[in-house]
1. Of the residues Val95, Val81, Val61, only one is more than 20 Å from Arg36 (Cα to Cα) and not hydroxyl-bearing (Ser, Thr, Tyr); which?
2. Which one is modelled with the lowest pLDDT among residues in segment 33-89 that are out of contact with any strand residue (DSSP E or B) (no Cβ under 8 Å at 6 or more places or on another chain) and among the hydroxyl-bearing types (Ser, Thr, Tyr)?
3. Within the set of pairs 6+ apart or on separate chains, which have a first residue in segment 79-104 that is under 17 Å from Gly44 (Cα atoms), a second that is hydroxyl-bearing (Ser, Thr, Tyr), and C-beta atoms under 9 Å apart?
4. Please work out which residue is farthest from Glu85 (Cα to Cα), limiting yourself to segment 45-67 and to residues that are surrounded by 10 or more Cβ atoms within 10 Å (Cβ to Cβ) and out of contact with any Gly (no Cβ under 6 Å at 6 or more places or on another chain).
5. Quick one: which of Asp70, Asp30, Asp91 is of a type in the set (Asp, Glu) and surrounded by 10 or more Cβ atoms within 10 Å (Cβ to Cβ)?
Amino acid sequence: MSDNGFKQPGVTKTNGSQPEAPKLAPINTDLFRGVRVALEVRLGESPMTIEEIMALKSGSVVTLEASLADRVELYLNDTLVARGEIVAVGDKYGVRIVEIAPAS
């Protein structure tokens with residue numbers, strides 16, 4: 001019980017002084033299987049000055065540092081999780097995974 005006489009959910013006291021931390025329940029991974037996340041594919045970058053960016057207009061071409069043979073990187077929450085190759089999937093882009101981080 002707390003000082004106000006009400007029991008705090010998940011907290012029990014041991015030997016009358018320190019509250020005991022609630023027990024951790026095992027995580028059922030099935031709970032997370034339907035959670036949607038954004039997987040970001042990074043093709044490359046092009047360092048530019050503000051002046052160069054401000055000069056961009058419709059039809060401008062920005063050359064990336066990456067070559068056509070380089071692999072793209074896939075990020076989940078800004079964490080690199082895989083590398084792949086750009087492929088055509090019908091009339092859309094796709095990524096063929098060629099390297100993926102091991103599960104921990």
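The values are calculated or read from the model by the stated rules, or taken from the named source; none is laboratory data. Note that the structure is a prediction, hence the values are computed from the model and not measured. Reconstructed Cβ throughout: ideal geometry from the backbone, glycine too, with neighbour counts over all protein chains shown.
1. One residue alone meets the criteria, Val61.
2. If we take residues in segment 33-89 being out of contact with any strand residue (DSSP E or B) (no Cβ under 8 Å at 6 or more places or on another chain) and among the hydroxyl-bearing types (Ser, Thr, Tyr), then Ser67 is modelled with the lowest pLDDT.
3. If the second residue must be hydroxyl-bearing (Ser, Thr, Tyr), the pairs left are Val81/Tyr75; Ala82/Tyr75; Ile86/Tyr93; Val87/Tyr93.
4. Ala55
5. Working: Asp30 fails: surrounded by 10 or more Cβ atoms within 10 Å (Cβ to Cβ); Asp91 fails: surrounded by 10 or more Cβ atoms within 10 Å (Cβ to Cβ).
That would be Asp70, the only listed residue that is of a type in the set (Asp, Glu) and surrounded by 10 or more Cβ atoms within 10 Å (Cβ to Cβ).
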